[in-house]
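The structure appears below as structure tokens.
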Amino acid sequence: MSSTSGEMIKRRVISLLPSATEIVAALGFTHHLVGRSHECDFPPGVEALPICSSTKVPVLGSSYEINEKVQEIVAEGLSVYRVDVDRLRQLRPDLVLTQTQCAVCAVTPRDLEQALCTWVGAQPVILSLEPNDLSEVWKDIRQVGEALGASQRAKELIVSLTGRLAAIRDQAATARSRPAVLAIEWLGPLMASGNWVPELIEIAGGHSILAQPGEHSPWLSWSSLTNADPEVILLVPCGFKISQTIRDLELLTKNPAWPKLRAAQSGQVYLIDGHHFFNRPGPRLVESAEIVSEILHGDRFAFGHRGTGWIPLKDAAIQSQQLVPLTGAN
């Protein structure tokens, strides 16, 4: 693949952000990756790459335990992540991908600056991504494409992704209803899902409530939840797979207000794999919109995500019986 100047830009790339890893792969440059973050696990095969970061947070903890540890670390002015400086030096990257969108979601430029302050030799280029809505996700894809000398391929990828979303929007527009939908990004304490998620809900034929497109995810009180009384609730905890969300369900279901919600009464509550979808601002946001469209308008959409990407709350009891008890939470 050539750059706009006709020269191939060869790079040794380390991605410290799962969505950036997926962007690199979607552009056809998986073979340029020489290192990854501890969370990068898609596409299959990237798990074999050397890990260049780690987290100080108990990943097996409950929502409340994770939140308390994060707040404790941030209050001390520290980073939630560690960067393996020796590993970075050994891998000799000339491009490192990271983000500034959320200091508790992935390694930030500040983490890298501290790690690279003792670097000997030519320092790698650091490309920091900061998407707040879908338009900025496409901008990030363009930036990664430019850094890899693949601007045209990035343009083609964006055209493909936006075209797929447009097809969903057009078909969803023919539905007879647009239910009020709340996406919950954290269960304890409650947080609505902002940024690009309200856009995905609207594209899929819903009306997003309690969060604004392009704005960071807001904390929620139970009174605001009950006052809004959404018709559909999507549980998409950041970084949680469905099995982890199942283990935290009592944070919702044991609250006296929960059974009074119309979504709970009508069985319109759904668990979604937030780890692989929604929380990663990359190519698979299209699959995230597909998931919502299946949930809201199953008579019009069947992309095959049910059972893997999402399940109804009523199916959680069945899956919970198959879960291995958590160990190591602290």
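May I ask you to verify whether THR245 is under 22 Å from HIS305 (Cβ atoms) and exposed (fewer than 14 other Cβ atoms within 10 Å of the Cβ)? No. Pairing residues of the range 294-308 that are under 14 Å from ARG284 (Cα atoms) and open to solvent by 30 Å² or more (accessible area, probe 1.4 Å) with residues that are at pLDDT 95 or above and in a helix (DSSP H, G or I), at Cβ distances under 7 Å and at least 6 apart in sequence or on separate chains, gives PHE303/GLU290; PHE303/GLU294. Against the test of being over 20 Å from the mean Cα position of the chain (by Cα) and more than 15 Å from VAL232 (Cβ to Cβ), the options ALA302, ALA263 yield a single qualifying residue, ALA302.
For the range 225-239, the count of residues that are in a strand (DSSP E or B) and open to solvent by 30 Å² or more (accessible area, probe 1.4 Å) is zero. On the stretch given as the range 206-220, residues that are farther than 28 Å from PHE42 by Cα, part of a loop (DSSP other than H, G, I, E, B), in contact (Cβ under 8 Å) with a residue 24 or more places away in the chain and open to solvent by 50 Å² or more (accessible area, probe 1.4 Å) total 1.
Residues are listed down the side, and each one gets a yes or a no for (1) within 19 Å of the chain's Cα centre (by Cα); (2) among the hydroxyl-bearing types (Ser, Thr, Tyr); (3) in a helix (DSSP H, G or I); (4) more than 16 Å from ILE203 (Cα to Cα):
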| residue | (1), (2), (3), (4) |
| --- | --- |
| GLY149 | no, no, no, yes |
| LYS155 | no, no, yes, yes |
| ILE158 | yes, no, yes, yes |
| LEU165 | yes, no, yes, no |
| ARG169 | no, no, yes, no |
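The conditions of being in contact with a helix residue (DSSP H, G or I) (Cβ under 8 Å, 6 or more places away or on another chain), open to solvent by 50 Å² or more (accessible area, probe 1.4 Å) and among the hydrophobic types (A, V, I, L, M, F, W, C) are met by LEU251.
The values are calculated or read from the model by the stated rules, or taken from the named source; none is laboratory data. Computed from a prediction, not measured in an experiment: that's the story for all the values here. Every residue, glycine as well, gets a Cβ built from its backbone with ideal geometry; the counts of neighbours run over all protein chains shown. The area values use the complete protein model at the heavy-atom level, side chains included, leaving out ligands, DNA and RNA. Shrake-Rupley method; radii C 1.70, N 1.55, O 1.52, S 1.80 Å.
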